[in-house]
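Scroll down for the structure; my scribbles are underneath it.
The values are calculated or read from the model by the stated rules, or taken from the named source; none is laboratory data. Computed from a predicted model, the values in this text were never measured in an experiment. Cβ atoms come from the backbone with ideal geometry, glycine included; neighbour counts cover every protein chain shown.
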Amino acid sequence: MPSFLRQARQTLFRHSPWRIRPCMKIKSLAKRGDLKMKKLLFVTIIAVAILALAALFASCAKKSASQSKAIEAFRETADATSAFTGTGYNPEAPVKAESAKQSRQPLNRKIIFNGTISLEVESLEKTQAAVQKWVRDFGGYISQSYMDGTSANFTTRIPSSSFDVAMEQASSFGKILYKNIESTDVTDEFYDLQTRIETKKVLVERLQSYLKNASSVKDMMEIETRVNEVTSDLETMQGQMNRLAGKIDFATVTITVNLPPKKIEEYYKVPDAKEKAKDLFCGLLTFLVDLFFILLYIILYGAPIVLVIALIYWLCFGKVGLLRKLFRKISVRKDKSSSDQEQTAKTPQ
């Protein structure tokens, strides 16, 4: 086939209607596919962005939690690490970690109980025996007691756990005239003092460790001074804690008993005016007799001493005058020697 016919056929084939329509359809389908792909790609990008943001928020939350834990741990150890440096030390570094831990613990109430009761009894001696038995039964003790012919007073210490029962039993000793119960809440004072003591103990331990690591004599002297101060404060606080704990553990119960009016204990005898006058006269007579014997002793033992002293004076400075004559001779010799020296000085050589 000639070449021009072949070219003509190809041209007709290219521009024929049945060839153009399929091409247009293919192009439209391609455009639709591109739109779908773009939408799918957009949705995919948005989903990936959401997942990335979620992962970012989760990592930030974990990081903040870890940072908070790290900050808390740092606060517990920052004071210890900042107290000592290579160039010196800071003995005033506060100890807060132990105090913070103790403040989070539940508190048991610390209460001081005081009871006062006044009774009217028939016998002081029997009441005293009953009080002693009552104290022993509760595991306490009598810190102070007083008794006369018509009344008695007992200051007792009873375990606080048995305070209510002890007060009820004490009321049965006689007729109640007066009864009072007081309670003082010292919870804050107790735990504050306890925290201060623990803080001082930790501070002493740290100061001792700083003393071992001290690099100069000046630091050592300053640390030792600070250790002595903190130790003294710690001993004072410990004494306060012991006294406060004693008041908390043992309640104070004061019992005052009185006999009925115009009644006196059987074993107690009212003093008589005649007997008192008789005792006074006997005492005065005894004093006079003792004074007489004292004067007699002075005369008997003092007279010889006076005589000896008088004899010595008579021999030395009296009529005999031995010492007086001796002094006179010495003075005469001195005068004679001085006059001889004057004469020898006047004679010409």
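Structure notes:
- In the set (1) within 14 Å of the chain's Cα centre (by Cα); (2) among the acidic types (D, E); (3) loosely packed, with under 14 Cβ neighbours inside 10 Å, the condition left unmet by E198 is number (3).
- Cβ pairs under 9 Å, 6+ apart, first in the range 130-151 and in contact (Cβ under 8 Å) with a residue 60 or more places away in the chain, second of a type in the set (A, V, I, L, M, F, W, C) and in a helix (DSSP H, G or I): V131/A170; V131/F173; G140/W134; G140/A166; D148/L124; G149/L124; T150/L124; S151/L124
- Qualifying residue in the range 222-240 (condition: over 19 Å from the mean Cα position of the chain (by Cα) and loosely packed, with under 15 Cβ neighbours inside 10 Å): yes
- Taking (1) surrounded by 16 or more Cβ atoms within 10 Å (Cβ to Cβ); (2) aliphatic (A, V, I, L, M); (3) without any contact (Cβ under 8 Å) to a residue 40 or more places away in the chain in turn, L207 satisfies each apart from (3).
- Complete set of residues in the range 241-280 that are modelled with pLDDT of 80 or more and not in a helix (DSSP H, G or I): F250, A251, T252, V253, T254, I255, T256, V257, N258, L259, P260, P261
- Flag if K175 is within 30 Å of L234 (Cα to Cα) and free of Cβ contacts under 8 Å to residues at least 60 places away in the same chain: no
- The residues of the range 210-234 that are touching a helix residue (DSSP H, G or I) at 6+ places or on another chain (Cβ under 9 Å) and without any contact (Cβ under 8 Å) to a residue 12 or more places away in the chain amount to a single one, M220.
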